[in-house]
């Protein structure tokens, strides 16, 4: 009886010591080391890839934002603010119905198949809107000019980037709305176009938030 009790006590003691050591190593030491290395080598990325403008954080380079006008009376979907470059559609996002105190959006894809009637209508409506919104006097957008990312949402609905083709398509409209020469806006797009990661991964892209921050600064100089 005594031996059995002592053996059980030794096993429990060993288990508790192992629990304490593993908790210390994996729950304290390891997170501190990883955090320290991340803050030392990649502080920007470790802190959420935040973007600042006018001395304050305005967003993250990893999360897309919407540039819309305030809702009008009786309006459910806001109109885009056409003085800004627009990002990809966010059809996969849903309203936050769990905690209605906060106007949060839930990330997600539409999960609609390519031949789904609802998706086809969304794409056609989006294409018509892109043509209408970006056609200005002296510059007409053709339906064949509209790139895929202008009318389809990403898997998360929070893609922060657009293709150079979509950014360039918007330059005439943005220039007109801000009273800027088209050539200056086109140069702005070129300056903010990033190539493939490491030269071979992904596609060339333009970060919409960074581009709009630069646009605001350019417009302020005029």
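Nothing in this text is a laboratory measurement; each read-out follows from the coordinates by a stated rule. This one's a predicted model, so the numbers in the text were calculated from it and none came from an experiment. Heads up, the Cβs are rebuilt from the backbone with ideal geometry, glycines too, and the neighbour counts pull from every protein chain shown.
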So, in nm, how far is label residue 33 from label residue 19 when the simple model puts each one 7 Å beyond its Cα toward the Cβ? 2.4 nm
Using only Cα atoms and rounding to the nearest 10 degrees, what angle (0 to 90) does helix 208-221 make with the longest principal axis of the chain? 50 degrees
Helix-derived [θ] at 222 nm for the chain: sum -39500 (n - 2.57) over DSSP H runs of at least 4, divide by residue count, nearest 500? -13000 deg cm²/dmol
The chain: relative contact order from alpha carbon pairs under 8 Å, six or more residues apart, as a whole percent, is 18 percent
So what's the angle, to the nearest 10 degrees on a 0 to 90 scale, between helix 117-134 and the longest Cα principal axis of the chain? 50 degrees
What length, rounded to one decimal in nm, is gained on full extension from residue 186 through to residue 3, with 0.36 nm per residue of separation minus their alpha-carbon distance? 57.5 nm
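Run the numbers for residue 220 and residue 72: contour at 0.36 nm per residue of separation, minus the present Cα-Cα distance, in nm. Please report the intermediate quantities before stating the final value.
Numbers: separation 148, 0.36 × 148 = 53.28 nm, distance 2.75 nm.
Stretched fully, the residue 220-residue 72 segment lengthens by 50.5 nm.
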Rounded to the nearest 10 degrees, the helix 30-41 long axis (Cα) sits at an angle to the longest Cα principal axis of the chain of 40 degrees
Running a GNM on the chain with Cα contacts under 10 Å, which residue among 60, 153, 113 ends up with the highest mean-square fluctuation? 113
GNM flexibility winner over the chain from 75, 122, 170 (Cα, springs under 10 Å): 75
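Cα gyration tensor of region 106-222, axes a ≥ b ≥ c as square roots of the eigenvalues: rounded (a/c below 1.5), prolate (a/b > b/c) or oblate?
Values: a/c = 2.07, a/b = 1.34, b/c = 1.55.
Here region 106-222 falls in the oblate category.
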